[in-house]
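Undergrad: Handing you a structure now.
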Amino acid sequence: MASPQPDWAAIDRDPRFQALHKKKTSFLWGLMVFSIVYYFLLPVGAAYFQDLFKIKVWGALNVGLLFALSEFIVAWVVAAIYAKRANREFDAMAAEIALDAHKIGGSK
């Protein structure tokens with residue numbers, strides 16, 4: 001016998017799900033805005049701050065190359081920040097909703 005399907009519309013209306021969605025969405029928007037701004041600092045810096053980007057740091061390595069390499073580090077840091085927050089907060093909220101999914105709004 002197949003298990004009854006959850007009422008997805010009722011889950012979507014559940015205040016706990018709404019709170020989870022709002023927290024997660026606002027957090028992700030913040031991370032995305034930061035990431036996009038940081039990403040576009042490289043071409044803007046290369047175009048408008050060439051003297052700064054040409055400063056030699058060590059051998060042929062200059063500020064522009066270091067900034068370009070920092071893009072990778074920032075991407076990993078953003079991913080780590082999201083993973084930490086998701087593990088600490090979002091996953092617990094989602095697990096609570098998942099445990100009650102069959103009770104929310106009644107099963108179909």
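The numbers here are math on the coordinates, done by the rules we state, and not lab data. This structure is a prediction, so every number in the text was calculated from the model and none was measured. With ideal geometry, Cβ positions are generated from the backbone for all residues, glycine too; neighbour counts draw on all protein chains shown.
Undergrad: If VAL37 passes every condition in (1) of a type in the set (Val, Ile, Thr); (2) loosely packed, with under 11 Cβ neighbours inside 10 Å; (3) touching a helix residue (DSSP H, G or I) at 6+ places or on another chain (Cβ under 6 Å) but one, which one does it miss?
TA: With respect to (1) of a type in the set (Val, Ile, Thr); (2) loosely packed, with under 11 Cβ neighbours inside 10 Å; (3) touching a helix residue (DSSP H, G or I) at 6+ places or on another chain (Cβ under 6 Å), VAL37 is out only on (3).
Undergrad: Restricting attention to the stretch 5-34, which residues are of a type in the set (A, V, I, L, M, F, W, C) and surrounded by 12 or more Cβ atoms within 10 Å (Cβ to Cβ)? Break it down stepwise before answering.
TA: In the first step, residues of the stretch 5-34 are kept if they are of a type in the set (A, V, I, L, M, F, W, C); the result is 8-11, 17, 19-20, 27-29, 31-34.
Passing the criteria: TRP8, ALA10, ILE11, PHE17, ALA19, LEU20, PHE27, LEU28, LEU31, PHE34.
Undergrad: When the residues of the stretch 49-108 are narrowed to those that are within 24 Å of ARG13 (Cα to Cα), among the charged types (D, E, K, R) and within 29 Å of the chain's Cα centre (by Cα), which ends up surrounded by the most Cβ atoms within 10 Å (Cβ to Cβ)?
TA: Only one residue fits best here, namely ARG85.
Undergrad: Moving to a separate point now. Taking the options VAL63, VAL44, VAL57, VAL78, name whichever one is more than 19 Å from HIS21 (Cβ to Cβ), of a type outside the set (Lys, Arg) and touching a residue at least 24 places away in the same chain (Cβ under 8 Å).
TA: Checking each option against the conditions leaves just VAL78.
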